[in-house]
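S.K.: Take a look at this one; I'll ask things after.
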């Protein structure tokens, strides 16, 4: 089963439909950004403040095909308030304390989205702020810093 991102608190968000390019292949739970006025999947090392505009989390698969553009329904996050949960890139590194407060990005491998807690914190550009972790489950809770959202 692919590792995806979920909304766990602050569910006072709206959904919005965005166009996608052909072969976008966005799945429910994928993290979505704005790229050339279309929704696209976040890639490793994103979102970065000043570079990427994160739209939110896909709430359904996109309708595009290999040759035809489509649309995707995206849950628009409430900046700094909607709490998300994802698996840590290296769950064994979680200790329940040192990762709290770090500003990091996503690690994306195929269909797996993880929160890269291994990454050095960088408040100037990294958009995800870790606010909690579950050592037993290997997950981290985080918010997206407002400067990275649409």
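The values are calculated or read from the model by the stated rules, or taken from the named source; none is laboratory data. All values reported here derive from a predicted model rather than from experimental measurement. Here the Cβ positions follow ideal geometry from the backbone for every residue, glycine too, while neighbour counts run over all protein chains shown.
S.K.: If only one of 80, 25 is in contact with a helix residue (DSSP H, G or I) (Cβ under 9 Å, 6 or more places away or on another chain), part of a loop (DSSP other than H, G, I, E, B) and in contact (Cβ under 8 Å) with a residue 24 or more places away in the chain, which one is it? Quick ask: steps written out before the conclusion?
M.R.: Values: 25 fails: in contact with a helix residue (DSSP H, G or I) (Cβ under 9 Å, 6 or more places away or on another chain).
Testing whether each residue is in contact with a helix residue (DSSP H, G or I) (Cβ under 9 Å, 6 or more places away or on another chain), part of a loop (DSSP other than H, G, I, E, B) and in contact (Cβ under 8 Å) with a residue 24 or more places away in the chain leaves just 80.
S.K.: Which members of segment 31-77 meet the condition of being in contact with a helix residue (DSSP H, G or I) (Cβ under 8 Å, 6 or more places away or on another chain), surrounded by fewer than 21 Cβ atoms within 10 Å (Cβ to Cβ) and in a strand (DSSP E or B)?
M.R.: Within segment 31-77, 48, 53 qualify.
S.K.: Within segment 133-148, how many residues are without any contact (Cβ under 8 Å) to a residue 60 or more places away in the chain, in contact with a strand residue (DSSP E or B) (Cβ under 9 Å, 6 or more places away or on another chain) and on the phi < 0 side of the Ramachandran plot? Lay out the reasoning, then the answer.
M.R.: First pass over segment 133-148, keeping only residues without any contact (Cβ under 8 Å) to a residue 60 or more places away in the chain: 133-140, 142.
Within this subset, residues satisfying the condition of being in contact with a strand residue (DSSP E or B) (Cβ under 9 Å, 6 or more places away or on another chain) are 133-134, 137-140, 142.
After this cut, where a residue has to be on the phi < 0 side of the Ramachandran plot as well, the list is 133-134, 137, 139-140, 142.
Qualifying residue count, segment 133-148: 6.
S.K.: If you don't mind, there's one more thing I want to ask. So for segment 90-111 (the condition being in contact with a helix residue (DSSP H, G or I) (Cβ under 7 Å, 6 or more places away or on another chain) and modelled with pLDDT under 95), does at least one residue qualify? Show your work before the answer.
M.R.: First, the residues of segment 90-111 that are in contact with a helix residue (DSSP H, G or I) (Cβ under 7 Å, 6 or more places away or on another chain): none.
Scanning segment 90-111, I find no residue that is in contact with a helix residue (DSSP H, G or I) (Cβ under 7 Å, 6 or more places away or on another chain) and modelled with pLDDT under 95, so the answer is no.
S.K.: Considering 70, 96, 80, which residue is within 23 Å of residue 2 (Cβ to Cβ) and in contact with a strand residue (DSSP E or B) (Cβ under 6 Å, 6 or more places away or on another chain)?
M.R.: Working: 96 fails: within 23 Å of residue 2 (Cβ to Cβ); 80 fails: within 23 Å of residue 2 (Cβ to Cβ).
Being within 23 Å of residue 2 (Cβ to Cβ) and in contact with a strand residue (DSSP E or B) (Cβ under 6 Å, 6 or more places away or on another chain) holds for just one of 70, 96, 80, which is 70.
S.K.: Based on what the data block shows, is residue 107 surrounded by 18 or more Cβ atoms within 10 Å (Cβ to Cβ) and not in a strand (DSSP E or B)? Don't jump to the end; show me each part of the working.
M.R.: Numbers: surrounded by 18 or more Cβ atoms within 10 Å (Cβ to Cβ): yes; not in a strand (DSSP E or B): no.
So residue 107 fails the test.
S.K.: (1) at pLDDT 95 or above; (2) surrounded by fewer than 18 Cβ atoms within 10 Å (Cβ to Cβ); (3) under 19 Å from residue 34 (Cβ atoms): which one isn't true of residue 147, the others all being true?
M.R.: Status for residue 147: all satisfied but (1).
S.K.: While we're here: Yes or no: segment 130-143 includes at least one residue that is touching a helix residue (DSSP H, G or I) at 6+ places or on another chain (Cβ under 6 Å), more than 24 Å from residue 34 (Cα to Cα), part of a loop (DSSP other than H, G, I, E, B) and not assigned by TED's automatic domain parsing to the domain that holds residue 43.
M.R.: Taking every residue of segment 130-143 in turn, at least one turns out to be touching a helix residue (DSSP H, G or I) at 6+ places or on another chain (Cβ under 6 Å), more than 24 Å from residue 34 (Cα to Cα), part of a loop (DSSP other than H, G, I, E, B) and not assigned by TED's automatic domain parsing to the domain that holds residue 43.
S.K.: For the condition without any contact (Cβ under 8 Å) to a residue 40 or more places away in the chain and under 12 Å from the mean Cα position of the chain (by Cα), what is the one hit in 58, 97, 39, 75?
M.R.: Only one candidate passes the filter, namely 58.
S.K.: Conditions: (1) assigned to a loop (DSSP other than H, G, I, E, B); (2) at negative phi. Residue 101 meets all but one. Number of the miss?
M.R.: Failed condition: (2).
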